[in-house]
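J.: One structure coming up, written as structure tokens, with questions to follow.
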Amino acid sequence: MKKVVFVGSGAIGTAVGNVLARKGIDDITLLSIEEEVVDSINNQRLNINYFPNIKLSRNLKATTDIEILKDADVIFMAIPSTAVVGYLFDKKDYINPKAIIVNLAKGFGKGDCLIPNCLVGHFPNTLMMMKGPSFAREIINRQETGFTLACENNECFGEVADLFENTNVRFDYSNDINGVEYASILKNIYAIIIGMLDANYDSANMRSLFITKAINEMRSLMIAFGGQDITMFNYCGFGDFALTSLNDMSRNRTLGLLIGKGFFNSGISEKVVLEGRIAVDVFYQKVQDSHIDINAYPLMSELYHVFNDSDYPTKKFVKNILNKIK
């Protein structure tokens, strides 16, 4: 049996780890810096910070001992995207060089560098991405969930997919590393936009119009920066966008709803660190630096002004976009 370690004891790490533990795999461990969470998992079978009312599998263990990485066969990175690259470099001497590293985080690694691109050439490990429409609360409640597994080597897919056989987790597969990463980041931008729309208009027609334009902008941006258009039809593409933009459990959609209702000001803007808030600035600059016509992305560019123009009239957001699109 493989030794599986989840770096991070947050919602997604706990939920996915519990899926494997429930299957009967008895060497599943969450590596955490939160001692109270480790104690609650080991002694009460509860993650008191994220799932205080859900009993976890008896097979799921937790530890603060980083030495566990030395014997791990599969390492799932379940910490915020901005911390993944720094963590792996800082703990490089502890990581089993033969372990498969699976990144669950959605977001840029450092600046505008994708996480796998930041790591390639620095680690001997096989790197794999696991992205899709996946609310942790539904995963832990045994709802069927789809992920895209992305890796350059097709032969490695089975080593991770087999772990989840006969569970509520299903996969599709891709070799498009850049596209899968970009899709998982871009959907946060457009979830904010759909949230802002829904805050002001209860219109199925207009929502469908904006969703269509959002998908086309996402697809175009993915292709512009090295992704493949087919990736939009994987779980990580259309699936994750639909989940994030249309469900109120989504933090980025919720941010859009708050902005659209007027509950947003410069003070809040400085404190908001949600993925979409960061990503819109990064992509806007990437488009500018690449000498691509920013007017080809009216939804994204208008959201950029929402966050960066202190006197932006949010009530005019939708009409401003409608004036720009054909």
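The values are calculated or read from the model by the stated rules, or taken from the named source; none is laboratory data. Since this is a predicted model, take the numbers as computed values, not measurements. We place every Cβ from the backbone using ideal geometry, glycine too, and count neighbours over all the protein chains shown. Side chains are part of the model used for accessible areas, which takes the heavy atoms of the whole protein and leaves out ligands, DNA and RNA. Shrake-Rupley method; radii C 1.70, N 1.55, O 1.52, S 1.80 Å.
J.: Per 0.36 nm of contour for each residue apart, how much would the distance between Glu35 and Ala83 grow if the chain were fully extended, relative to their Cα-Cα spacing?
T.: Length gained between Glu35 and Ala83: 15.4 nm.
J.: Order Lys92, Lys110, Lys55 by their accessible area, 1.4 angstrom probe, all chains in place, largest first.
T.: In descending accessible area the options line up as Lys110, Lys55, Lys92.
J.: Of all trypsin sites (Lys or Arg not before Pro) in region 144-210, which ones are in loop regions per DSSP and have a Cβ with at most 10 other Cβ atoms within 10 Å?
T.: Of the trypsin sites (Lys or Arg not before Pro), not one in the loops of region 144-210 has a Cβ with at most 10 other Cβ atoms within 10 Å.
J.: Could you work out how far the C-alpha centroid of region 297-312 sits from that of region 179-246, in angstrom?
T.: Computed from Cα coordinates, the inter-centre distance equals 17 Å.
J.: Another one. Size of the dipole of region 150-281 about the Cα centre, Lys and Arg at +1 and Asp and Glu at -1 on the beta carbon, nothing else charged, in debye to 20?
T.: 780 debye
J.: Next question, about the same structure. At what distance in nm do the modelled label points of Leu246 and Asp112 sit from each other, each positioned 7 Å from its Cα along Cα→Cβ?
T.: 3.2 nm
J.: So for the chain: antiparallel DSSP bridges make up what percent, rounded to the nearest 5?
T.: Bridges in the chain are about 15 percent antiparallel.
J.: Return the subset of Lys213/Lys316; Lys131/Lys286; Lys23/Lys91; Lys213/Lys319; Lys261/Lys286 for which the Cα-Cα distance in this structure is over 26 Å, preserving the input order.
T.: Distance filter (> 26 Å) returns Lys23/Lys91; Lys261/Lys286.
J.: Name the chymotrypsin sites (Phe, Trp or Tyr not before Pro) in region 182-259 that are in a loop by DSSP and that have at most 16 other C-beta atoms within 10 Å, would you?
T.: Passing sites in region 182-259 are Tyr201.
J.: Which of the helices in the chain, when you take each full DSSP H run, stretch at least 24 Å along the axis at their Cα atoms and have an average Kyte-Doolittle score of 0.5 or higher?
T.: TM-like helix candidates: 177-200.
J.: With Kirkwood's inverse mean 1/r over C-alpha pairs for Rh, give me the Rg to Rh ratio of region 79-232, two decimals please.
T.: 1.00
J.: How high is the FRET efficiency from Thr254 to Asn168, r the C-beta distance, R0 25 Å, rounded to 0.05?
T.: It comes to 0.50.
J.: I would also like to ask the following. Which of the GluC sites (Glu not before Pro) found in region 126-194 are in a DSSP loop and have at most 14 neighbouring Cβ atoms, other than their own, within 10 Å?
T.: Taking region 126-194 and a limit of 14 other Cβ atoms within 10 Å, the loop GluC sites (Glu not before Pro) found are Glu144, Glu152, Glu165.
J.: Here is a follow-up. Calculate, for region 1-155, the solvent-accessible area per residue in square angstrom, rolling a 1.4 angstrom probe over the heavy atoms of the protein chains.
T.: 45 Å²
J.: Also, quick follow-up: By a straight-distance test (C-alpha under 15 Å), which aspartates and glutamates pair with Lys324 as possible cross-link partners, with residues fewer than eight away in the same chain excluded?
T.: Partners found: Glu217, Asp293, Glu302.
J.: Still on this structure, I have one more. Report the dimensions of region 191-270 along its three principal axes from the alpha-carbon atoms, largest first, rounded to Å.
T.: 37, 32, 20
J.: Heavy atoms only, probe 1.4 Å: what % of the accessible area of the chain goes to carbon and sulfur, would you let me know?
T.: Carbon and sulfur together cover 47 percent of it.
J.: If you restrict to DSSP beta bridges whose two residues both lie in region 1-81, what percentage is antiparallel, to the nearest 5?
T.: Rounded to the nearest five, the antiparallel share is 10 percent.
J.: For the charge dipole of region 49-175, defined by +1 on Lys and Arg C-beta atoms and -1 on Asp and Glu C-beta atoms about the Cα centroid, which residue among Ser134, Ile75, Gly109 has the Cα displaced farthest towards the positive pole?
T.: With unit charges placed on the Cβ atoms, the residue in question is Ser134.
J.: Given a cut-off of under 8 Å on Cα pairs at least six residues apart, what relative contact order in percent is computed for the chain?
T.: Relative CO of the chain lands at 14 percent.
J.: Return an integer: the convex hull volume of the alpha-carbon atoms of region 181-229, in Å³ per residue.
T.: Given the Cα convex hull of region 181-229, per-residue volume reads 58 Å³.
J.: Compute the label zone of Asp73 within region 10-29: residues whose backbone N is under 18 Å from the point 7 Å along Cα-to-Cβ.
T.: 17-29
J.: If you line up the Cα atoms of the chain on their principal axes, what length do they span on each, largest first, in Å?
T.: Projected onto its principal axes, the Cα set of the chain covers 58, 41, 35 Å.
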